[in-house]
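No value in this document is a laboratory result; all are computed from the given coordinates. Just so it is clear, the model here is predicted, and its values are computed rather than measured. Methodologically, a virtual Cβ is constructed for each residue, glycine included, from the backbone with ideal geometry; neighbour enumeration extends over all protein chains shown.
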Amino acid sequence: MLPIANEMKLFDSHCHLDDHTFFKDLKGTLKNARDAGVCEIMTVGVDLESSQRAVALAEATNGVYASVGVHPHDAQSCNDTVIKALSRLAEKTAVRAWGEIGLDFNRMYSPMEDQEKWFVRQIQAADSLGLPLIFHERDSQGRFLEILKTHPNPQRRGVVHCFSGNEADLSAYLDLGFYIGITGILTIKTRGAGLRGLVLNIPMDRLLIETDAPYLTPAPQKNKTRRNEPAFVKSVLLKLAEVRQEDPETLAVSTTANARRLFSI
């Protein structure tokens, strides 16, 4: 576990520390995280190469864990060889989840058919390994939930990363037993308005906080820097506590325990 510089211990349940923007100052980024009370970090793969980098980073850093997977944006580059390589990688102790996987029909960087095919194959691979899933969903018009319900598994665990759906989506995800990942969007005045209403409906034992660093920088940091980093998950926690009118330290304990439970840490 990363040494902590204050009492409130946080878990950034989703970031991308292997991103090129961290290459030059990764040590400084990790120190910033420690100073902010971030005790553990999940760094997430989006294709085979980034998954390999994430695992290597996790193996070399106490308190950092990795997931492996192919993001829907990269689905067109996925194949059976990639799935087999990821499955071998997933056997390493540092790997605690499979993801980021799902559907993204907003930008359509990969054809719909490829996204759906490799979403299903990755669900099956993760299920066979008993790994929780880290999900990405954007504008799938119900197809994401339809696929999950068509391929049921009562033992399946997972988190809907960067939740941005509506009340019906939230209810469906909770019914499936999933955790809900909340990002810095919550802190943004206009963009986060709807999310601030919906987080009131999430049970405390299903909440996770995340940065998605280097993306989605929260307020107030976004006024000073474009690059998000794990230290800024504290801003997500504090806004979440404010919106839900809960004690920040209590919420920190709960969200950290939730992440540890999901990722079997």
Q | Gyration tensor verdict on the stretch 135-265 (Cα atoms; rounded if a/c is under 1.5, prolate if a/b is larger than b/c, oblate otherwise) | A | prolate
Q) Within straight cross-link reach of Lys149, meaning Cα distance under 27 Å, which lysines are found once same-chain residues fewer than 8 apart are removed? A) Lys84, Lys117
**Q.** Compactness of the stretch 1-152 as Cα Rg over 2.2 N^0.38 Å, two decimals
**A.** 1.08
Q: Report the dimensions of the chain along its three principal axes from the alpha-carbon atoms, largest first, rounded to Å.
A: 45, 40, 32
Q: Starting from the alpha-carbon convex hull of the stretch 4-65, give the projected area averaged over all orientations, in nm².
A: 3.8 nm²
Q. So which trypsin sites (Lys or Arg not before Pro) in the stretch 85-176 end up in coil per DSSP with only 15 or fewer other C-beta atoms within 10 Å?
A. Lys92, Arg107
(Q) Taking the beta-carbon count within 10 Å as an exposure proxy, list His14, His136, His151, His73 from fewest neighbours to most. (A) His151, His73, His136, His14
Q | Karplus-derived HN-Hα couplings along the stretch 211-222 (A = 6.51, B = -1.76, C = 1.60, θ = phi - 60°), whole Hz, x at Gly and Pro | A | 9, 6, 3, x, 9, 6, 4, x, 7, x, 4, 5
Q: May I ask you to derive the FRET efficiency for His20 and Arg143 from their Cβ-Cβ distance with R0 = 30 Å, giving the value to the nearest 0.05?
A: 0.40
Q: Just flag the GluC sites (Glu not before Pro) in the stretch 1-90 sitting in loop per DSSP whose Cβ has no more than 10 other Cβ atoms within 10 Å.
A: Glu7
(Q) Ignoring everything except DSSP H segments at least 4 long, calculate the 222 nm mean residue ellipticity for the chain; use -39,500 (n - 2.57) per segment, divide by total residues, nearest 500. (A) -11500 deg cm²/dmol
Q. Which far-off residues, 5 or more places away or on another chain, put their amide H under 5 Å from the one on Leu10, with H placed in the peptide plane?
A. Val38, Cys39, Glu40
Q.
Take Asp80 and Ser171, extend 7 Å from each Cα along the Cα→Cβ direction, and tell me the distance between the two endpoints in nm.
A. 4.2 nm
Q: Would you list which lysines come within 26 Å of Lys27, measuring only between C-alpha atoms, while excluding same-chain residues fewer than 8 positions from it?
A: Lys9, Lys92, Lys222, Lys224, Lys234
Q | Full-stretch length increase - Ser264, Thr150 - with 0.36 nm per residue and alpha-carbon distance subtracted | A | 38.4 nm
